[in-house]
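Accompanying notes for the structure given below.
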């Protein structure tokens, strides 16, 4: 069903906007206390904040020709062999035989079977695969399942969704103004000094461990040996490991584990989560059963037009190599970009928001400051490889000027 | 990005399934306490439970020719003028100019404008429209925003998502075994005796009031006057009204408010939520800002292929009229079916799960027992109008036999 919600009655039934109970003009006061956890969240979500700064710059400089190496959004059209599958999928909805309504909330059986057999070599059962609209959305649903009582550990820096949802669910204390860390989160520092893999022997236990490899934003991919260490450590202390493999198809190194070759497109929402049937809570009850309950309760199944999976990786990895080489030529240290579509540039201690602003103003290139991914990201800049080729080339030319060593702002 | 998550390490890195810390074979014990709120949830989610009973019957009776009037899933193919839009949408992704990646988390600007102007006569701003994958999913995100500290009021009976998400978020106490009501939820009884509209003068205050009209499962549509009462009551006590208008396009009565003529298809996920910019929490901060933060944090935007809206209502409403007439012919009292795609049949006090089983066994027709929508639904049966025409006709023929008065099980 195409469905609509109107929150607060004014949008629907009231002939004009009343301000009953309002204390100032244009405001409709409710007597509902704000969820205190929202007060703990810092500023805006990272990516919209980048968008605001870009828009402000454009408003002041309307003729600027901006190139974005910022948010990791893909830009290349879908290849024709995939496209024909998408069009056929859409066309089928016009026939009586081909029309399908709601999928099962867990995904259609044949797709679950295919993911289990083709991408996991049969090591997981189809029943353990939950098809969804992507890992960011699944993280939100997992957090609803975990509730407020668990402790979480995250790589620092990492993609904001893990920490922000922990804050929203009430698992954390306030952010400490000095360390920029939320209380009751275990931060696992990942930096060049530990080759972006945390020192587990000194890491406190957490109930839930979020680990993203290849990592966003650092581009670091853990080796098979490192992943085995991580698994053993989680098993030993009874932690649940949430392994975010969103960028697995970009892996090119031989000693790094990879599923297989597959990929998607940011606008075509399709993902999945595997929950092993053996995994149980401390009381012996099934984690997969609770996750299934969440999916049934707040999800309707993936979109029926979009059941497909495909490849468009090499193009972006060539962009990554170009960005990486440009930074090396400038004389900067870089990480990532070989097994991941992100290049993480070491600013040698200089503030990342300052460099972001300098590059936006002098080169009209949008990047992402590392500080946006946690305190451990300060002093780094993330470049996304998802631009069109010509834009990526032009960005490299501009960055060679704006980022040359004597142009780097003082620390 | 097509994204995958593996929860617990065994699915990814471990060569075989270890059971480190396991206390019984085939189980991987974690040291993580289960979210206590999950223990409060009763049995399974309603619709999968219906599916299980149907499958069990089919397993025992493999030759049964089952007709479903159960879950409200649509069955008719998408009309050609809509289909051409969908195919064109998919095809565009194959061109450089037409490809789009992530939409804004709030939806694409032009679609938000169109919804505001065409469906709300400009009474809402585009900035107040949040496009999503449907109201069930949005309810989950709204509940993450509300948190554990609010009280909620629901129509009884009502679609399970409101109560279940309140339980999951920790807003409620345990279910009382006698009343079948969760503690700390305000149940608003809706029955033939009050024409399915609650007596607001005797209803306790709640922070959040969920109201679905036309209602699922009762099919009751509130009049304009009733909705104005509801709005005034919410304003007076400072409640936030979450108005679920999923079935608004089915409204046919003149004195019932309606947006406009539009509809969708269950497999093509598209919906939206309107949050008035004037609405603030008790501390004066903006509700829309917090909802925006939730959407940015745990949602990636609607699917880029599916941005369209359309009509396929009359066909289903003719089914509803047929089901309604059949029940009247049998001599049963019926509600709904005139402004909503659901017919709510009065079983005159007889247990709804008993009637569900009797109809499944004797007529091989799947229905939904009213008790599944809350204690107030006991003694009623919901029939969905979303079957194909011929199946609906055949179901009516069978129901005339199975439900004739002397066939109704004793109370």
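Throughout, read-outs are computed from the coordinates displayed, never taken from laboratory work. Here the structure is a predicted model, which means the values were calculated and not measured. Reconstructed Cβ throughout: ideal geometry from the backbone, glycine too, with neighbour counts over all protein chains shown.
For residue B:63, inter-copy separations between label points set 7 Å beyond Cα along the Cβ vector come to 8.4 nm, shortest first. The mean number of Cβ atoms from other chains found within 10 Å of a Cβ in peptide A:137-145 is 6, as a whole number. Averaged over peptide A:280-288, the number of partner chain Cβ atoms lying within 10 Å of each residue's Cβ comes to 5.
Counting beta carbons within 10 Å around each of A:141, A:112, A:400 and listing the fewest first gives the order A:400, A:112, A:141.
Distances, shortest first, from the label point of residue A:315 to those at the same position in the other copies read 3.6 nm; the point lies 7 Å along Cα to C-beta. Relative protection proxy for B:160-171, A:199-210, from highest mean packing down: B:160-171, A:199-210 (other beta-carbon atoms within 10 angstrom). The simple spin-label model puts a point 7 Å past each Cα toward its Cβ; for residue A:400 and residue A:223 those points are separated by 3.5 nm.
If r is the Cβ-Cβ distance from residue A:117 to residue B:56 and R0 is 35 Å, what FRET efficiency results, to the nearest 0.05?
Working: r = 28 Å, r/R0 = 0.79.
The computed FRET efficiency comes out at 0.80.
The separation of segment B:198-216 from segment B:114-174, counted between C-alpha centres, amounts to 14 Å.
Counting, for every residue in B:125-134, the Cβ atoms of other protein chains within 10 Å of its Cβ and taking the mean gives 3. The protection proxy used here, the mean number of other Cβ atoms lying within 10 Å of each residue, ranks peptides A:47-54, A:230-237, B:59-66 as follows, highest first: A:230-237, A:47-54, B:59-66. I want to make sure I understand the PRE zone here: with the label point 7 angstrom from the Cα of residue A:348 toward its beta carbon, which residues in segment A:363-377 have backbone N atoms less than 12 Å away? Backbone N within reach: none found.
Take residue B:110, move 7 Å from Cα toward the beta carbon, and the resulting point lies 3.3 nm from the same point in each other copy, nearest first. Considered as an equivalent ellipsoid built on the Cα gyration tensor, segment B:148-247 has semi-axes of 21, 16, 13 Å, the largest given first.
Could you tell me how many cubic angstrom of Cα convex hull volume segment A:100-298 has per residue? Mind showing how you got there, number by number?
Values: hull volume 27.2 nm³, N = 199.
So the per-residue Cα hull volume is 137 Å³.
Descending by average beta-carbon neighbour count within 10 Å, the peptides B:317-323, A:352-358, B:292-298, A:211-217 line up as A:211-217, B:292-298, B:317-323, A:352-358, the highest first.
Suppose R0 equals 51 Å. What FRET efficiency, 1/(1 + (r/R0)^6) with r the Cβ-Cβ distance, do residue A:315 and residue B:127 give to the nearest 0.05? Working shown, then result.
On the way: r = 36 Å, r/R0 = 0.70.
Between residue A:315 and residue B:127 the formula returns 0.90.
Given a Förster radius of 30 Å and the C-beta distance between residue B:236 and residue A:173 as r, what FRET efficiency does 1/(1 + (r/R0)^6) yield to the nearest 0.05?
My answer for the efficiency is 0.20.
Multiplying the residue separation of residue A:36 and residue A:194 by 0.36 nm and subtracting their alpha-carbon distance yields 53.3 nm.
With both labels modelled 7 Å from their Cα along Cα-to-Cβ, the residue B:27 to residue B:180 distance reads 3.2 nm.
Taking every DSSP bridge with both residues inside segment A:100-298, close to 35 percent are antiparallel.
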